[in-house]
Amino acid sequence: MIPDADFPFRRRSDSPGSPGARSAAGLLTSGSVFALTLVSSLTLVAQAHAEPTRYTFRIPAKARSEALIDLGVQARVTLGGASSCPGRSPAVVGVLTLRQALDAVTSGAPCRFEILGDATVSIAPERPAPRPAQPKAAEPALPVDGVIVTATKRATRLGATAGGVSVIGPGRLHDAGSVDTKSISQQTAGFITTNLGAARNKIMLRGLSDGAFTGRTQQTVGTYLDNIPLTYNAPDPDLRLIDVDRVEILRGPQGALYGGGSLSGVYRIVSRKPVLDEWSGAVKVGAAATESGSPSGRLEGVVNLPLVTGRAALRLAAYSDVDGGYVDDVNLRLSNVDRTTRTGGRAALSAVLGENWSLTISGARQDLHATDSQYTTPSLGGQKRANQVRETHDNVLQQGAVTLTGTGSWGRFESSTGYVRHRFASRFDATAALNPASVSAVDVGLFDEASKVRLLVEDAVLSSPDSGRFRWLLGLYGLASLEDSDGELRARIAKDPSRLLYLEDRRDRRRELALYGETAYDLGGGWTVSLGGRAFRTAVRTTSAITAPAPGQSRRFERQALFTGVSPKLSLQRTWGSGGIVYLLTSEGYRSGGFNTGGLVALSALRDSFKPDHLRNYEIGVGASPLEGRVTLRAALFHDVWTDIQTDQYLSSGLSYTANVGDGRNTGLELEGTAHVSPNLTVEANALFSRPRLSRVDQNFASAAQSELPGVPDVSAGAMTRYQRDLAADRRLVLTAEMKYVGRSRLTFDRRFSPSMGDYVTGRLSAEVATPTWNFTFAVTNPANASSDTFAYGNPFSFGQVRQVTPLRPRTWSLDVSRVF
């Protein structure tokens with residue numbers, strides 16, 4: 001059996017000439033392509049001009065915050081904190097360096113700027129005099145059009161971007177107490193996650209669901225840390241949101257901007273970068289109590305360390321969390337079995353190589369361990385379950401990246417090279433599935449699965465200056481992945497305490513190369529037309545060795561396939577100087593096919609492989625900022641056509657496979673808005689109304705006829721209110737209220753037997769007292785103590801035999817104390 005705390009991989013001989021060594025060598029050979037790209041990048045640095053780059057600025061006299069945003073867009077840099085620079089800026093027109101332009105805009109203002117080492121500018125208030133000090137509370141969320149977004153591979157004002165783009169800045173993350181992916185789902189339209197457990201979930205955007213289970217298919221939503229994808233077909237790693245500058249969400253196919261070709265969108269975590277010449281840090285400690293559950297706690301810290309004056313800095317972040325359990329197992333006679341611990345950290349080193357070039361080396365690691373699953377059995381009453389074993393889960397993610405950035409009058413170049421190592425393992429109680437099929441009674445059945453994924457990624461982007469009417473962006477993306485996965489099914493019976501029933505040792509190798517890009521042309525009068533696309537080549541090879549004693553079939557499997565294609569994108573948009581936009585957009589996404597190998601017996605020819613699937617997105621959007629920007633609105637009406645939908649399903653034995661369920665359609669309306677009612681009160685709201693349905697059903701899924709897409713509701717909505725007032729010269733009170741509604745949905749495509757779930761409301765209330773150096777936050781989540789079913793699944797081996805429910809976490813009270821220095 002596979003131990004709980006280990007990640008065994010049976011075919012692991014790495015001696016010279018072994019398959020493991022040859023595969024590793026192949027991975028390294030592919031990596032040489034990426035190394036050559038990095039060498040070429042360094043050559044560009046050596047050839048760069050030593051003189052500071054000058055830009056053509058045309059910024060009319062306006063509010064400083066608006067002028068700074070225009071400056072960031074025209075200079076092609078990421079700029080944050082513009083709202084902290086009040087007053088009015090004079091007109092800035094001419095050919096200037098970035099520093100000269102910043103000096104001109106901020107001259108005489110009570111703010112300061114810092115040019116960081118990665119083409120990023122940070123704007124902050126002047127350091128306060130000894131008196132009077134202002135509280136160090138998080139700033140309220142900026143209006144939507146007051147944010148610079150870089151997920152589009154260009155520094156662009158958010159309100160002038162065609163497509164469904166949302167940005168959650170540090171202020172909103174702080175106010176909502178956001179620590180992981182699940183908490184992000186309450187803050188933006190149409191962002192849904194499953195609830196199997198931490199680091200076991202999948203993300204779905206705009207009602208586009210290929211099923212509630214995670215298996216061999218590429219995730220429809222790409223998860224990125226800065227510029228590097230963290231997963232391919234693995235579940236979302238649930239990376240802790242510590243020291244994050246913002247979270248960016250792009251909806252719809254993103255092949256023209258991301259070489260990985262995300263089918264329905266991108267979820268991107270943008271970390272804070274080292275700040276040159278600034279010694280700073282923060283520490284936070286928190287505790288929480290869950291009703292009828294175990295206590296929780298967390299500790300985190302961040303420090304920024306200058307290394308070479310004006311040239312290099314180091315930033316470190318570390319954290320340790322414990323989420324107490326609240327589910328009892330009556331068979332094992334244990335209480336609060338589902339305890340989760342998470343530890344990890346990040347490190348980033350930024351260095352300025354010249355006036356126009358910078359280098360950032362970063363790394364991250366997270367270790368997550370869950371002592372048991374979190375689903376319950378309603379027939380037992382309350383938060384209870386009756387299993388024969390504890391269903392543990394381990395998830396370890398390691399990531400390293402090197403990013404080289406250069407800007408000049410010729411445009412902007414950025415090369416990101418990353419390596420990801422992801423290991424995860426789960427245990428399931430398989431007793432219920434084995435007893436009906438066994439001649440001898442089974443005391444305990446165990447299924448252990450473990451995967452080790454290695455990704456090597458290169459993404460190089462070259463883009464033109466923004467000064468002309470014609471602009472372009474060109475990217476080259478490469479991925480080499482190697483995944484080893486094991487699945488082992490054992491039973492304990494009277495005559496044999498550990499009988500092997502099934503063992504699979506599988507290896508998947510993937511090589512992907514993509515050329516992507518986008519061009520834009522200003523037609524005049526605020527009109528812009530854009531054309532882009534992604535051309536790709538994907539090679540897949542799968543080998544598998546299965547041991548299955550009679551009546552099973554032992555066998556070997558080896559096959560490979562090649563997939564090529566082009567995914568286009570076309571948009572037309574009209575923008576206004578007041579922040580308004582209207583656009584038309586069409587784009588396409590694509591996922592390559594693959595192979596099925598699992599099962600006690602060999603699969604039929606209809607099930608031993610699955611085809612590629614294809615998504616076409618048609619979208620009309622509008623954005624506006626009336627009342628002098630105090631209100632910002634965004635709406636998008638979309639229609640998606642999805643052919644040959646790939647879905648991960650389970651055989652009657654509880655083992656998984658992937659199939660093409662048929663074609664689907666989804667029409668929806670997406671809404672987001674922010675209103676600054678007064679200087680002290682801000683209200684935000686979002687909603688998604690959609691109708692995701694199957695339009696054609698594959699003959700192998702006849703029971704799914706006329707079914708909706710599983711795991712996603714027709715309606716979801718959220719809202720957040722923030723109120724602040726000064727208690728004294730150096731104290732501030734901040735009150736927030738957050739609400740999220742998730743409509744009803746079904747777990748699977750089969751309408752006859754699929755349980756329903758959802759149709760619940762949850763929320764969070766918090767009160768914060770902030771001083772210049774201390775913050776005290778008291779909060780309650782799920783204040784109504786609702787116990788609605790968030791996810792009607794937990795174990796594939798007992799699913800269908802007993803009703804499985806994943807309730808909301810019971811009402812939880814928390815207190816966080818933080819200090820900055």
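Before moving on, here are some points about what is shown:
- Looking across region 417-430, just one residue is surrounded by fewer than 23 Cβ atoms within 10 Å (Cβ to Cβ) and farther than 30 Å from Phe797 by Cβ, and that is Tyr419.
- Sole exception among (1) crowded, with 21+ Cβ neighbours inside 10 Å; (2) modelled with pLDDT of 95 or more; (3) over 19 Å from Pro229 (Cα atoms) for Leu503, by number: (1)
- Only one of the numbered conditions (1) open to solvent by less than 50 Å² (accessible area, probe 1.4 Å); (2) part of a strand (DSSP E or B); (3) of a type outside the set (A, V, I, L, M) is not met by Asp759, and that is (1).
- Looking across Ala561, Ala550, one residue alone is under 30 Å from Phe447 (Cβ atoms) and assigned to a loop (DSSP other than H, G, I, E, B). It is Ala550.
- Among residues of region 431-457, those that are surrounded by fewer than 21 Cβ atoms within 10 Å (Cβ to Cβ) and assigned to a loop (DSSP other than H, G, I, E, B), counted: 8
- Qualifying strands (runs of 3 or more DSSP E) (wholly inside region 241-316; at least 2 residues being within 30 Å of Lys569 (Cα to Cα)): 244-251, 265-271
- Inclusion of Arg469 among residues that are surrounded by fewer than 20 Cβ atoms within 10 Å (Cβ to Cβ) and within 24 Å of Gly593 (Cβ to Cβ) is not warranted.
- Filter result for Ser587 (out of contact with any Cys (no Cβ under 7 Å at 6 or more places or on another chain) and surrounded by 15 or more Cβ atoms within 10 Å (Cβ to Cβ)): yes
- The condition (being open to solvent by less than 10 Å² (accessible area, probe 1.4 Å), at negative phi and touching a Ser or Thr at 6+ places or on another chain (Cβ under 9 Å)) is satisfied by just one residue among Gly411, Gly406: Gly406.
Yes/no matrix, rows are residues, columns are (1) of a type in the set (Ser, Thr, Tyr); (2) closer than 25 Å to Ala401 by Cβ; (3) assigned to a strand (DSSP E or B):
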residue	(1), (2), (3)
Ser467	yes, no, no
Gly475	no, yes, yes
Asp484	no, yes, yes
Ala494	no, no, no
Tyr502	yes, no, yes
Arg507	no, no, yes
Arg510	no, yes, yes
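- Set Asp394, Asp372: member being outside any loop (DSSP other than H, G, I, E, B), open to solvent by less than 60 Å² (accessible area, probe 1.4 Å), over 21 Å from Arg272 (Cα atoms) and of a type outside the set (A, V, I, L, M, F, W, C): Asp394
- Any chance Ser358 is open to solvent by 20 Å² or more (accessible area, probe 1.4 Å) and at pLDDT below 95: no
Here is a yes/no grid of residues against (1) surrounded by fewer than 17 Cβ atoms within 10 Å (Cβ to Cβ); (2) free of Cβ contacts under 8 Å to residues at least 40 places away in the same chain:
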site: Gly593; (1), (2): no, no
site: Phe610; (1), (2): no, no
site: Asp613; (1), (2): no, no
site: Glu619; (1), (2): no, no
site: Ala624; (1), (2): no, no
site: Arg630; (1), (2): yes, no
site: Phe638; (1), (2): no, no
site: Val641; (1), (2): yes, yes
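- Positions within region 85-110 being over 16 Å from Thr53 (Cβ atoms), open to solvent by 10 Å² or more (accessible area, probe 1.4 Å) and not charged (D, E, K, R), in sequence order: Pro86, Gly87, Pro90, Ala91, Val93, Ala104, Thr106, Ser107, Gly108, Ala109, Pro110
- The residue list Asn304, Asn331 contains one member that is of a type in the set (S, T, N, Q) and open to solvent by 40 Å² or more (accessible area, probe 1.4 Å), which is Asn331.
- Remark: pairs (first residue in region 381-404, within 15 Å of Glu449 (Cα to Cα); second residue in a strand (DSSP E or B) and of a type in the set (Phe, Trp, Tyr); Cβ separation under 6 Å; 6+ apart in sequence or on different chains) = Glu391/Phe428; Asn395/Phe424.
- Taking the conditions (1) under 28 Å from Arg216 (Cβ atoms); (2) open to solvent by 10 Å² or more (accessible area, probe 1.4 Å); (3) touching a helix residue (DSSP H, G or I) at 6+ places or on another chain (Cβ under 7 Å); (4) among the hydrophobic types (A, V, I, L, M, F, W, C) in turn, Ala460 satisfies each one other than (1).
The values are calculated or read from the model by the stated rules, or taken from the named source; none is laboratory data. In this text the structure is predicted, and so the values were computed from the model without any measurement. Cβ coordinates were reconstructed from backbone atoms using ideal geometry, including for glycine residues, and neighbour counts include every protein chain displayed. Accessible surface areas use protein heavy atoms only, side chains included; no ligands, DNA or RNA. Shrake-Rupley method; radii C 1.70, N 1.55, O 1.52, S 1.80 Å.
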